[in-house]
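Here is the structure we will look at.
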């Protein structure tokens with residue numbers, strides 16, 4: 001059962017308004033925008049067989065308010081998104097988002113940050129980017145996060161971060177999920193040993209809770225990041241984890257494993273690219289197992305072909321499977337592949353204050369359900385018109 005998080009709606013605005021005055025004394029940016037999108041989806045319900053296609057029109061107005069000074073700042077984003085189906089009008093829906101975030105330097109050594117958000121996703125049949133799992137339900141999300149950093153020395157910084165989130169689902173078979181996490185680490189700048197190298201040991205704890213399962217995951221990792229030059233950067237993380245899972249039927253299991261990630265990025269004047277791979281434990285997007293082991297990778301490429309024309313390509317692959325001890329009914333073993341391609345042309349650019357962009361894009365998603373030996377494929381063809389206006393105080 002989804003719970004409408006109306007109590008969170010004023011919190012983001014309150015967080016922004018209650019920032020210390022020094023953090024709100026800079027330049028205020030007000031940016032309204034409107035996106036009008038026409039889409040053809042050849043499998044609107046992500047059906048395994050007999051999928052139905054439809055034309056979908058989406059209009060998404062939004063407003064962003066931000067403020068930045070030497071000691072901190074804040075940003076508040078709010079928006080609506082309405083989808084209208086041509087032949088399946090019962091699927092038409094309206095979603096919303098409200099996100100607020102702020103950061104502030106209390107002293108030259110101590111800094112803090114916080115964020116709060118609530119959202120209703122209007123496109124239920126899509127890949128959850130945070131988990132790699134395909135979701136066929138509308139998702140209500142609440143989130144809270146807070147963190148702080150303290151400069152321990154000229155080249156050493158400590159950090160402590162905590163977060164809470166809640167997902168509610170409308171479709172039977174998906175379970176509301178709560179997520180808690182806390183992470184602490186120390187970053188060392190080893191520039192004197194190896195130019196532009198930073199390393200950071202950290203420990204973290206997370207808990208995923210549904211009505212039928214609870215998964216506690218404790219991990220310790222060591223990460224390293226380095227800017228190779230002005231264009232290239234890379235990062236590496238490796239460590240171990242201990243996971244305890246308990247289930248409503250009275251069973252429990254303990255599991256040890258490894259986790260890690262590898263990423264490389266290129267940022268040129270016209271061309272940018274990212275390549276990443278990871279293995280970890282993540283939320284199960286409403287499945288009864290609460291969490292899954294995930295292995296995957298992604299690649300993106302973007303290039304400004306002319307001063308007004310930009311092209312991009314991207315793809316990702318994810319393999320999610322249940323942790324030991326999950327019941328047969330809750331077992332997850334899925335692979336998800338996705339591909340995106342887009343061309344965008346900027347018609348209007350008035351000194352960076354106003355822009356009008358026309359974008360043509362194609363998205364593919366394919367899911368292999370290994371437990372039931374079936375698969376689902378979805379192709380989306382989209383034409384979007386995006387208008388943005390920047391106003392300064």
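Answer yes or no as to whether residue 344 is crowded, with 16+ Cβ neighbours inside 10 Å, on the phi < 0 side of the Ramachandran plot, in a strand (DSSP E or B) and touching a strand residue (DSSP E or B) at 6+ places or on another chain (Cβ under 6 Å).
On the way: crowded, with 16+ Cβ neighbours inside 10 Å: yes; on the phi < 0 side of the Ramachandran plot: yes; in a strand (DSSP E or B): yes; touching a strand residue (DSSP E or B) at 6+ places or on another chain (Cβ under 6 Å): yes.
Answer is yes for this residue.
Of everything listed in (1) assigned to a loop (DSSP other than H, G, I, E, B); (2) under 21 Å from the mean Cα position of the chain (by Cα), the single unmet condition for residue 279 is (1).
For the range 44-62, which positions are out of contact with any helix residue (DSSP H, G or I) (no Cβ under 8 Å at 6 or more places or on another chain), modelled with pLDDT under 95 and buried (at least 18 other Cβ atoms within 10 Å of the Cβ)? Passing the criteria: only 46.
Would it be correct to say that residue 29 is surrounded by fewer than 17 Cβ atoms within 10 Å (Cβ to Cβ), under 21 Å from the mean Cα position of the chain (by Cα) and either in a strand (DSSP E or B) or at pLDDT 95 or above (or both)? Step through it out loud before you land on a result.
Values: surrounded by fewer than 17 Cβ atoms within 10 Å (Cβ to Cβ): yes; under 21 Å from the mean Cα position of the chain (by Cα): no; either in a strand (DSSP E or B) or at pLDDT 95 or above (or both): yes.
In short, no.
Within the range 160-177, restricting attention to residues that are surrounded by fewer than 17 Cβ atoms within 10 Å (Cβ to Cβ) and modelled with pLDDT of 95 or more, the residue that is nearest to residue 288 (Cα to Cα) is 164.
If you check residue 257 against the conditions, is it surrounded by 14 or more Cβ atoms within 10 Å (Cβ to Cβ), touching a helix residue (DSSP H, G or I) at 6+ places or on another chain (Cβ under 7 Å), modelled with pLDDT under 95 and under 29 Å from residue 178 (Cβ atoms)? Even if it seems obvious, please write down each step before you answer.
On the way: surrounded by 14 or more Cβ atoms within 10 Å (Cβ to Cβ): yes; touching a helix residue (DSSP H, G or I) at 6+ places or on another chain (Cβ under 7 Å): no; modelled with pLDDT under 95: yes; under 29 Å from residue 178 (Cβ atoms): yes.
No: the conditions fail for residue 257.
Whether any residue in the range 107-114 is outside any strand (DSSP E or B) and crowded, with 19+ Cβ neighbours inside 10 Å is what I want to check. Checked the range 107-114: no residue is outside any strand (DSSP E or B) and crowded, with 19+ Cβ neighbours inside 10 Å. Of the residues making up the range 63-84, those that are surrounded by 17 or more Cβ atoms within 10 Å (Cβ to Cβ) and closer than 27 Å to residue 41 by Cβ are 77, 78, 79, 81, 83. Residues that are touching a residue at least 24 places away in the same chain (Cβ under 8 Å) and surrounded by fewer than 17 Cβ atoms within 10 Å (Cβ to Cβ) within the range 369-381 comprise 369, 370, 371, 374, 375, 377, 379, 381, listed in sequence order. Residues that are part of a loop (DSSP other than H, G, I, E, B) and free of Cβ contacts under 8 Å to residues at least 60 places away in the same chain within the range 174-197 comprise 190, 191, 192, 193, 194, 195, 196, listed in sequence order.
Can residue 21 be described as modelled with pLDDT under 90, loosely packed, with under 14 Cβ neighbours inside 10 Å and within 28 Å of residue 354 (Cβ to Cβ)? Can you show your working first?
On the way: modelled with pLDDT under 90: yes; loosely packed, with under 14 Cβ neighbours inside 10 Å: yes; within 28 Å of residue 354 (Cβ to Cβ): no.
Answer is no for this residue.
Within the range 135-147, the set of residues being crowded, with 16+ Cβ neighbours inside 10 Å and farther than 23 Å from residue 96 by Cβ comprises 147 only.
Can residue 356 be described as at pLDDT below 95, in a strand (DSSP E or B) and over 21 Å from the mean Cα position of the chain (by Cα)?
Values: at pLDDT below 95: yes; in a strand (DSSP E or B): yes; over 21 Å from the mean Cα position of the chain (by Cα): yes.
So residue 356 passes the test.
The values are calculated or read from the model by the stated rules, or taken from the named source; none is laboratory data. Only a predicted model underlies this, so the values are computations on that prediction, with no experimental measurement involved. Cβ sites come from the backbone with ideal geometry, for glycine too, and all protein chains shown count toward neighbours.
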